[in-house]
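Values in this text are rule-based calculations from the coordinates and carry no lab data. Quick caveat, the model's predicted, so the values are computed rather than measured. Every residue, glycine among them, receives a Cβ derived from its backbone with ideal geometry; neighbour counts consider all protein chains shown.
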Amino acid sequence: MKPIVLCAFLLSCAGSSDSSGGGGQPTAAAAATAPGTTAVTDSPSARAAIGKKVRVAGTALNAKLGPVVTTEGLVVYCFGRQEWTNDQLGKPVAVVGTLEQTDDFKAQEGPDGMQSAGTAGGDFVIRDCAVEDPAP
């Protein structure tokens, strides 16, 4: 039996204990979306919006690969910044940019059957991610 190394790449955020009591359910999805921008709220809407300018509203978290926005089970990497600040972490945030789906960070299996650290693949990414101001 070959060992499989599981990678906990997501939600490895420091200070993730949310003492705000808010439940982490952002209401930003209902916010108006600028003309020419597609609102992405879940995986099906993300798949339909690949290559388009999108707005993703959700919760700001830090993962091993970088900052993410999560909503309705969807994880979108927000590249172009190091990480969310302590003031943003765990709070509602909205980001805009062109949405991609990539296997660039997918775990690879070596000739000995060992698996490298990485994601499952098919990651949603906004490379030049801009944070909307004010946040939702």
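List of remarks:
- Full extension of the chain between Lys64 and Thr37 gives 6.9 nm of extra length, using 0.36 nm per residue less the Cα-Cα distance.
- For peptides 123-130, 79-86, 66-73, sequence by mean Cβ density within 10 Å, most packed first: 66-73, 123-130, 79-86
- Note on Arg127 and Glu109: their simple-model spin labels are 2.9 nm apart, each label 7 Å out from Cα toward Cβ.
- Virtual spin-label span in nm between Thr85 and Ala48, 7 Å along Cα→Cβ: 3.6 nm
- Phi-based couplings in Hz for region 69-79 (Karplus 6.51, -1.76, 1.60; Gly and Pro marked x): 10, 10, 7, 6, x, 8, 10, 10, 6, 10, 7
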